1. Within the range 268-328, list the trypsin sites (Lys or Arg not before Pro) lying in a DSSP loop whose Cβ has at most 14 other Cβ atoms in a 10 Å radius.
2. Where does helix 334-343 land angle-wise versus the long Cα axis of the chain, in degrees 0 to 90, nearest 10?
3. If you keep only loop residues by DSSP, which chymotrypsin sites (Phe, Trp or Tyr not before Pro) in the range 290-337 have at most 11 other Cβ atoms within 10 Å of their Cβ?
4. Tell me, what is the percent relative contact order of the range 124-181, built from C-alpha pairs under 8 Å that lie six or more residues apart?
5. Please state the relative contact order of the range 497-669 as a whole percent: Cα pairs under 8 Å, 6+ residues apart?
6. Taking square-rooted eigenvalues a ≥ b ≥ c of the alpha carbon gyration tensor, is the range 519-672 rounded, prolate or oblate, where a/c under 1.5 means rounded and, failing that, a/b exceeding b/c means prolate?
7. What does the C-alpha gyration tensor say about the overall shape of the range 165-241? Classify as rounded when a/c is under 1.5, otherwise prolate if a/b is larger than b/c, or oblate.
8. Rounded to the nearest Å, what's the spacing between the alpha carbon centres of the range 104-178 and the range 345-391? Just the number, please.
Amino acid sequence: MEKLQPIAFTSKKAISSCSSYFFVLPHKSFVFEKLKTWSKPDCYVVDLQDGCPNELKEMARENIKQQATLLGELDRKILLRVNDFGNEAELKKDMELLSLGVFDGIMLPMINRVENIQTIDRWLQNMEEELSTGRTVFEIVPLIETVYSTVHINRITSSSNRITAIALGLFDLFADSNASMNQANVNFISNQVMLAAKSAGLPFIDSPFTEIHDYAAFYADCKKTADIGSDGKLILHPDHIDIVNNCFSISEEEKKSLTDKLIGYTGGCSINKSGEFIGPPVEKKIKRQLLKKVKKKRIPANSIRPRTFKYGLDLNTVYEGQALPCPYEISVDESWTTLWSSLVPMGNFIETSDVFSQHLGLPKKLLPFSAMLNLTLCMAVEPFSETCLLHLGLEEVVYEKPAHAGDTFRCYIFIEKLRNTSDGRRSVITSRHILLNQNSERILSFKRKTLFSKIDDLEAKIRLSLPENSKLHETLATKNTTVLTDFIDCSNLSEHPINCHKIASNELLIHDASRHLGESENLLFTTLFRNTHPVHFNYLRYQKKDIIVCGGFVLAITLANALKDLKQVVDQRIISCSHINKIAPMDTISSVSYIHSRKLEDNLEVLTIKTLGIRNVDIANELNDCDWPLDLFAQEDLRPAKMEKLLREEMPELFHKVCIQILWKVWRPITK
């Protein structure tokens, strides 16, 4: 057979911008009137092939002729899904309907030869010449649903200039191949057809979804197919039209946000005003997104606009000397300690044994230091941290007075200092967080530095510092005057049998314990401790990979790993602490400690320690015989960039693996 050549046209029809293709069944007369009441797709596909029984095809064509005026008034693109070349007699009858003047082109199914498209191309050219209606050209949308068309898709996409999109029909394709329609096979075929379409510069239209009334699954399927690069979807049911239109379009706000990203970009690689990387690939992706339809806002005639409460620090009203109350007051009972011990193993008698604590002059065991620290941190999220950009670190974490089960706690935040960053684009707030008990006694406190968006008129807010003479303000504004050891009678330590490892200055200890925080535990403890930031638990707002574990929990696990080897500790204070890399649920944290000094104080030894938390490396097994760079354990906190540079050059096994650095002191019985 003589090889046919595609017919060249002086102007190729603009590539289709349609995303929703709704199949209309013309043998059902009532459907035509329903089209006026249903949501509007971008394109109607009047189906004379699979959707229409053989014995009703003639009636369907008559219905189309009778409803031609209605179809012309729909103000949408309309394609005719014709019969395939295996039923050529019906196909030719279908093609005659193009003379009605309401169709923009055809969808060609069951392609088993490239010549099928070229033959259709000839027919369409002849029809255009006969009609002389001024129409540019009829479109062709090949439906890839045979093994042949899948294998020869690159030839198909280049076989005619009339082709404006490539559609996929998975169900006929898997029937033709006799392959299992599992997710792996579906993904393989979808990606293969999508890449071929994009290689030819054509939109890719995904296969229809058949679970008609499973709307949640359909929405998820639309999101998935959009994520792999689809430009639209075939639709079988009118209830699916709005979902497809929504998934394959952008809002006015999204359009503005995307447009703003490119403001000032002139090429090359740069950082935009929002601090985001912009380069040619990013520019191309943004411009493709901007080609999508913009969703039209539908405002009901009788409507109400909801109000959403905003949380976090109000940068318009903040000032130095401001005291912010946290909106929770919590009575902590023994069940809290039980739950906490399921996350953070506790081995220090002062937190686990009433008998030991009574030997030290306390009424009963203490509430755990790390639990009290996390309670103070988490209660501050709602009034303070929800609007912050980054937690820069903690300093001077002190357990000031014993706390026990049955106590009731509330928390305050005292704004100590406001300043702008050196580049003037953001602001750093230094705050002191104080946990009070039911008697308004200070229990625990720490200083915190937090990065926020730029505070406007900063100097005025500093000058606005208002003297507040209340007793509460005095309590919050002063530094701690007591520490936990002030309340402990260490002379009685010898009365209780204690086994402690001997530890010397300048030792590096790898702690064998490793722990992880699972997804359910992460949700449990963020809820229990009143951490309200959605980045820790809202899987609808954030992708699973973007959910992070609260920094206080990371700190607690890191210290718990170390305390297994350091017990029995009767007091601990954090000098400084900062986070390096984020921890996600299911990450495992290991710990390593360098002993900077060992000193004697009354009946206790005091260890100054630098501890690092390491994510997803079993350092006790993998790095126990390695030489570690001593600079990694410097007493001053290393900036993340400096630490990563050090690791990249001297210990690449830990590059981007350090999650937290903690400089702290512990007080424990003197070892002999």
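Since every read-out is calculated from the coordinates, none of them should be taken as a lab result. Since we're looking at a predicted model, the values are computed, not measured. Counting neighbours? That spans all protein chains shown, and the Cβs are built from the backbone with ideal geometry, glycine included.
1. LYS273, LYS296, LYS297, ARG298, ARG307, LYS310
2. Here the helix axis deviates by roughly 60 degrees.
3. In loop regions of the range 290-337 (DSSP not H, G, I, E or B), the sparsely surrounded chymotrypsin sites (Phe, Trp or Tyr not before Pro) are PHE309.
4. Relative contact order, the range 124-181: 37 percent.
5. Relative contact order of the range 497-669: 31 percent.
6. oblate
7. Oblate.
8. Measuring centre to centre over Cα atoms gives 69 Å.
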